[in-house]
Amino acid sequence: MLSPKKTKRTFGKRGMTHFLFDVDGTLTEARKRMSEDFSLFFLDWMKDKSVFLVSGSDLKKINLQIPAKISSKCEGSFCCMANELWIKNKLVFKSHWEPPEKLVRDLGVLRDQSPYRIKRKKYIEMRTGMLNFSVAGRESSSEERTLYNNWDNHAKEREQIASFIENFYPDLEACLGGDISIDIQPKGNNKSLASKWVRKNVGGDIVFFGDKISR
C-alpha cells in the first residue's frame, strides 16, 4: 500500500465528529445519480460538518452519482471498498492486489452454473485492491438489476457464492455489493480502512451511514 501523502487539508477542527457515508443504497439508489431535491437537502445539512464518501465503486462512478457541488465539499472520497482515498482529486493512498487465477476460473464456473438466465457479458470488474463479481453482469440495465435483485432475494445466490469464496479462500472476504454483485478482497481490505485512516490521520469521533451495516 502506498504511504499516506502529507496534505495541507486540516479537516475542520481536530477532534470533531466525522460523518462517513456509503453511496449506493444510502445517498443514492444503486448506480443512480443523487436526486436534485436530496442534493439540496444534503448540501445544506453538511455545512460545517466533516463528510467523507465511502464506496465500493471507483472515483469515476462516484462522480457520476454524486454532484460536484457536494463532492467538492467533502473531505475526501474512499473508493473501491476504501482501497483508494482521493482528496481534492489527488490520490492519497492505494492498495495493490492481484486475484488468484484459480479464483477467476472458479467465478466463471459459478456464473455458468447459475440458473439465472439473463446474463450480460462482463461479469468481473477489477478495481483497486478488490474484484467485483456479478452473475447478471456489470452491463445490466436498471430494469435487469431489479429483476436479478428480486430473484436473488429469494434464491440467496449471492450469499451462497460469498460463503463458497470465503470457505475455499480463507484469506479473502466476500460481501454483497449493490443490487447484483459481490465484492471480493483480502481480509481487512474493506470499508473499515476508511475509519482506520480517519482515526490515524485526523482523530475525533466517527459516524458511519450505510444500507447494510446490520449484517
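The values are calculated or read from the model by the stated rules, or taken from the named source; none is laboratory data. Model, not experiment: these values are computed from the prediction. Backbone-built Cβ (ideal geometry, glycine too); neighbour counts: all protein chains shown. Ligands, DNA and RNA are stripped out before the accessible areas are found, and what is left, the full protein with its side chains, is counted by its heavy atoms. Shrake-Rupley method; radii C 1.70, N 1.55, O 1.52, S 1.80 Å.
Some notes on this structure:
- Remark: pairs (first residue in the stretch 98-111, at pLDDT 95 or above; second residue open to solvent by less than 30 Å² (accessible area, probe 1.4 Å); Cβ separation under 6 Å; 6+ apart in sequence or on different chains) = Pro99/Leu131; Leu107/Phe133; Leu110/Ile161; Arg111/Val135.
- For the residues Asn189, Asn149, the requirement of being out of contact with any Pro (no Cβ under 9 Å at 6 or more places or on another chain), open to solvent by 10 Å² or more (accessible area, probe 1.4 Å) and part of a loop (DSSP other than H, G, I, E, B) singles out Asn189.
- Exclusive hit being among the β-branched types (Val, Ile, Thr), in contact with a strand residue (DSSP E or B) (Cβ under 9 Å, 6 or more places away or on another chain), at pLDDT 95 or above and under 30 Å from Asp44 (Cα atoms), set Ile165, Ile124, Ile66, Ile161: Ile66
- Flag if His154 is in a loop (DSSP other than H, G, I, E, B) and open to solvent by 20 Å² or more (accessible area, probe 1.4 Å): no
- Restricting attention to the stretch 122-136, the residues that are in contact (Cβ under 8 Å) with a residue 40 or more places away in the chain and in contact with a helix residue (DSSP H, G or I) (Cβ under 7 Å, 6 or more places away or on another chain) add up to 3.
- Meets criteria (touching a residue at least 40 places away in the same chain (Cβ under 8 Å) and out of contact with any strand residue (DSSP E or B) (no Cβ under 6 Å at 6 or more places or on another chain)) for Glu144: no
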